[in-house]
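Trainee: This structure is in structure tokens; I'll ask about it shortly.
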Amino acid sequence: MTKGNVAVAHQWRGVIREYADRLPVDDATQIVSLGEGGTPLVRAAALSDLVQGEVFVKVEGMNPTGSFKDRGMTMAITAAVESGAKAVVCASTGNTSASAAAYATQAGLTCAVLVPAGKIAMGKLSQAIAHGAELIQVDGNFDGCLDVARKLAENYPVFLVNSVNPARIEGQKTGAFEVVDTLGDAPDFHLLPVGNAGNITAYWKGYREYAEAWSNPRHGEDAAQLAPVATRTPQMWGFQAAGSAPIVAGHPITEPETVATAIRIGNPASWEKAEEAREESGGVIDSVTDEEILAAHRWLSSREGVFVEPASAAGVAGLLKKQAAGEVPTGKTFVITVTGHGLKDPEWALKNADGSDVAPTKVPQDVETVARQLGL
Ligand code: AN7
């Protein structure tokens, strides 16, 4: 962009304004946005070397509240306002509640969040509280919280903003659009963590819509068809935490466990859609252990310069696992969504691989001692 003869930076306008022709909005829509989306697609050099291909990470921690949830929440809260709602509710393992609380605040709505007691990372809890949400800690897990949230929305005047709300999926599909817009086409493989399975559903929808001649139903039957943007769709590879892997097991997990609290989910709401994404794309849904997740978390921070929360490393853990099993072809392009920021749940960086605490070096205020300590 230029102003006079001076180049000025393009200010990203949030996913609804950037992709208005592909979302169920029109000129009259009152958009609630914190400028989400437009996140970096960073080439991961060490991972690329390892698989002898091109590996990129989509750094969703760079969204306004530090996770990919903001893409869906701008749509969900916009829809809540459009429907005349005064209050919204969600169940959450943490990031959805942080996002809902922030967007509801901007829209002037009351926000209630139901979270499993004692199983939410500190950063996420503090966000919900900072934004003034009505925080209810439920004695149960995420699946129980979602059950209560759904019943609340059915029986009381509150609007549900979990990803069972189709507006959330619509917003989140823009992640796939950005990948294609940046790379020029879809990658060969797209990897990501799977919890409640909304995101794998959304990415697959986005990739499909970009590969098809597409028209937006909301914009009327005579709307011009949009030409395909991508020539292909990727294989979708989703990864659940081993202690919370219902789709892999083929049945709900009643007591899900994992250090990756964001994906500590035993009965995903979008289970069937995730299986559809796997079948239609020719992909896989597999599991990774907590050790594999924490090793990938460390790989990202120490080798690629990208700090994520543990759950966000599940896709990278999956690539490393598949690579070790000889199941990763060379010469391909991989995009891995790393879903949330490391500062959400920083304690994991302060642990050594054996679980002991990292001990910082303490020295007196003396240059020579510091130099000796640094081996200079
Ligand atoms: C960092 O916030 O379910 O498979 O309530 O926070 O679309 O559920 C979070 C999920 C991956 C899984 N990475 O995505 C919630 C919640 C992070 C997350 C997932 C979540 P989905």
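We did not get these values from a lab; they are worked out from the coordinates using the rules stated. Please read all numbers here as calculations on a predicted model, not as lab measurements. All Cβ positions, even for glycine, are placed from backbone atoms using ideal geometry, and neighbour counts span all protein chains on display.
Trainee: In the range 55-70, is there at least one residue being more than 16 Å from the ligand (Cβ to nearest atom) and either surrounded by 21 or more Cβ atoms within 10 Å (Cβ to Cβ) or closer than 21 Å to residue 177 by Cα (or both)?
Mentor: Yes, some residue in the range 55-70 is more than 16 Å from the ligand (Cβ to nearest atom) and either surrounded by 21 or more Cβ atoms within 10 Å (Cβ to Cβ) or closer than 21 Å to residue 177 by Cα (or both).
For (1) surrounded by 20 or more Cβ atoms within 10 Å (Cβ to Cβ); (2) polar (S, T, N, Q); (3) in contact with a strand residue (DSSP E or B) (Cβ under 6 Å, 6 or more places away or on another chain); (4) in contact (Cβ under 8 Å) with a residue 12 or more places away in the chain, each residue gets a yes or a no:
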{"site": "268", "(1), (2), (3), (4)": "yes, no, no, yes"}
{"site": "272", "(1), (2), (3), (4)": "no, no, no, no"}
{"site": "276", "(1), (2), (3), (4)": "no, no, no, yes"}
{"site": "311", "(1), (2), (3), (4)": "yes, no, yes, yes"}
{"site": "327", "(1), (2), (3), (4)": "no, no, no, no"}
{"site": "335", "(1), (2), (3), (4)": "yes, no, yes, yes"}
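Trainee: Look through the range 216-237, keep the residues that are in contact with a strand residue (DSSP E or B) (Cβ under 6 Å, 6 or more places away or on another chain) and touching a residue at least 60 places away in the same chain (Cβ under 8 Å), and return whichever of them is nearest to the ligand (Cβ to nearest atom).
Mentor: Out of the qualifying residues, it is 237.
Trainee: Can I ask one more? From the list 233, 182, 174, exactly one residue is over 24 Å from residue 114 (Cβ atoms), over 15 Å from the mean Cα position of the chain (by Cα), buried (at least 18 other Cβ atoms within 10 Å of the Cβ) and of a type in the set (Val, Ile, Thr). Which is it?
Mentor: Result of the check over 233, 182, 174: 233.
Trainee: Could you look through the range 204-218, keep only residues that are surrounded by 20 or more Cβ atoms within 10 Å (Cβ to Cβ) and under 19 Å from the mean Cα position of the chain (by Cα), and pick out the one that is farthest from residue 166 (Cα to Cα)?
Mentor: Among those residues, the one meeting the criterion is 207.
Trainee: Run residue 213 past the list (1) among the hydrophobic types (A, V, I, L, M, F, W, C); (2) under 25 Å from residue 28 (Cβ atoms); (3) free of Cβ contacts under 8 Å to residues at least 24 places away in the same chain and report the number of the one that doesn't hold.
Mentor: Single failed check for residue 213: (2).
Trainee: Anything in the range 146-202 that is over 30 Å from residue 320 (Cβ atoms), in contact with a Ser or Thr (Cβ under 8 Å, 6 or more places away or on another chain), within 16 Å of the ligand (Cβ to nearest atom) and not in a helix (DSSP H, G or I)? List them, or say none.
Mentor: Those that are over 30 Å from residue 320 (Cβ atoms), in contact with a Ser or Thr (Cβ under 8 Å, 6 or more places away or on another chain), within 16 Å of the ligand (Cβ to nearest atom) and not in a helix (DSSP H, G or I): 161, 162, 164.
Trainee: Turning to a different aspect of this structure: Can you tell me which residue is farthest from residue 243 (Cα to Cα) among those in the range 135-145 that are touching a Leu at 6+ places or on another chain (Cβ under 8 Å) and within 13 Å of the ligand (Cβ to nearest atom)?
Mentor: Out of the qualifying residues, it is 138.
Trainee: Next up: Just a yes or no: is a residue in the range 142-156 among the hydrophobic types (A, V, I, L, M, F, W, C), in contact (Cβ under 8 Å) with a residue 60 or more places away in the chain, closer than 19 Å to residue 25 by Cα and surrounded by 22 or more Cβ atoms within 10 Å (Cβ to Cβ)? So that I can check it myself, show each step before the final result.
Mentor: Kept after step one, since they are among the hydrophobic types (A, V, I, L, M, F, W, C), are these residues of the range 142-156: 142, 145-146, 148-149, 152-153.
Then keep just the ones that are in contact (Cβ under 8 Å) with a residue 60 or more places away in the chain; that gives 142, 146, 149, 152-153.
Still in the list and also closer than 19 Å to residue 25 by Cα: none.
No, there is no match, as no residue in the range 142-156 is among the hydrophobic types (A, V, I, L, M, F, W, C), in contact (Cβ under 8 Å) with a residue 60 or more places away in the chain, closer than 19 Å to residue 25 by Cα and surrounded by 22 or more Cβ atoms within 10 Å (Cβ to Cβ).
Trainee: Could you tell me whether the range 26-33 includes any residue that is within 25 Å of residue 338 (Cβ to Cβ) and within 16 Å of the ligand (Cβ to nearest atom)?
Mentor: Within the range 26-33 (the criterion being within 25 Å of residue 338 (Cβ to Cβ) and within 16 Å of the ligand (Cβ to nearest atom)), the answer is no, since none of the residues qualifies.
Trainee: Just to be sure I understand, how many residues within the range 233-284 are within 23 Å of residue 161 (Cα to Cα) and among the basic types (Lys, Arg)?
Mentor: 2
Trainee: Step by step: first the residues of the range 85-114, then only those that are surrounded by fewer than 24 Cβ atoms within 10 Å (Cβ to Cβ) and among the β-branched types (Val, Ile, Thr), then the one that is nearest to the ligand (Cβ to nearest atom). Which residue is that?
Mentor: Across the range 85-114, the extreme among qualifying residues is 105.
Trainee: Let me ask something else. Small (Gly, Ala, Ser), over 15 Å from residue 269 (Cβ atoms), in a loop (DSSP other than H, G, I, E, B) and in contact with a Ser or Thr (Cβ under 7 Å, 6 or more places away or on another chain), is that true of residue 132?
Mentor: yes
Trainee: Does residue 118 satisfy the criteria of being surrounded by fewer than 24 Cβ atoms within 10 Å (Cβ to Cβ) and without any contact (Cβ under 8 Å) to a residue 40 or more places away in the chain?
Mentor: Here the answer is yes, as residue 118 does meet what is asked.
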